[in-house]
Amino acid sequence: MSGFAFCNYLPINSADNFITKPERSLAHFSDVSAHQQFVVVECGSFVARIAFSDNEEGILWVRGDSSTPLYWNRPDKTAETIREGGWIYTGDRFVRDADGFHFFRGRADDLIKISGQWVYPLEVELCLAEHPDVRECAVFAAELPDRRMTLKAVVVMNSRSFDEGNTTKKLQDYVKAKLLPYKYPRDIRFIDELPKTGTGKIDRQAVMRM
């Protein structure tokens, strides 16, 4: 089941119920039904819900037979994550499109302030990755010497032949046009390959050390 590494509660034998239009996203599911203020997905003993309205982002909650009752010796974390009725607040953000598909949009705790405005780095990364000249990229927050935060991007282009200055401006302008102008990455670095983990995922810790 591609795209569900962020939710360890998804049973492997239930994955087929969540696979829909994989060309649209690496993290989405459909076949949901409205339930009070939540969207609910049931899959065997696994249940998920997202607290949001149409066309708004929400946080994924999960509940199932494998749900933990608490964090060992972490009452603060237990209170934050384990909710009434056995629901687990994952902190994973989703948005629903007009067709009823749900797309992963990052972690609720990834929010950073750039130029006095709140930004989710993954939102910028997903936008940048849609540029036709970009093969893959990673976007992350970085602290400046004066303790302010900025947004940096590490990008692999489809072509090895390009002008870095012109391409940087082109990608920044692309993000400004697609998202709000303040969300563009201030610093863009170009490399030939992004570092990967043993499982083939982007090694974000290695990227942030570049």
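Derivation of every value follows stated rules applied to the coordinates shown; laboratory data play no part. In this text the structure is predicted, and so the values were computed from the model without any measurement. Positions of Cβ are generated from backbone atoms using ideal geometry, with glycine treated the same way; all protein chains shown enter the neighbour counts.
Sequentially through the stretch 86-103, phi angles give Karplus couplings (6.51, -1.76, 1.60; θ = phi - 60°) of x, 6, 10, 7, 7, x, 8, 8, 10, 10, 9, 8, 5, 8, x, 8, 10, 10 Hz, Gly and Pro residues having no value and appearing as x. At an R0 of 22 angstrom, the distance between the Cβ atoms of I112 and K178 translates into a FRET efficiency of 0.70.
Ratio of Rg to Rh for the stretch 111-208: 0.95 [Cα atoms; Kirkwood radius as inverse mean 1/r over pairs]. The stretch between S66 and A206 holds 47.2 nm of extra length on full extension. This uses 0.36 nm per residue minus the Cα-Cα distance.
Assuming R0 = 35 Å, can you tell me the calculated FRET efficiency for the pair K169 and D99, based on Cβ-Cβ distance, to the nearest 0.05? The pair K169/D99 has a calculated efficiency of 0.55. The chymotrypsin sites (Phe, Trp or Tyr not before Pro) of the stretch 67-135 meeting both criteria, a DSSP state outside H, G, I, E and B (loop) and at most 12 other C-beta atoms within 10 angstrom of the site's C-beta, are W72.
Counting only residues at least eight positions apart within a chain, or on another chain, the lysines with an alpha carbon under 20 Å from that of K183 are K113, K152, K169, K170. Assuming 0.692 mPa s and 37 °C, estimate D for the stretch 80-130 with Stokes-Einstein, Rh taken as the Kirkwood radius over Cα pairs, in µm²/s. D = 255 µm²/s.
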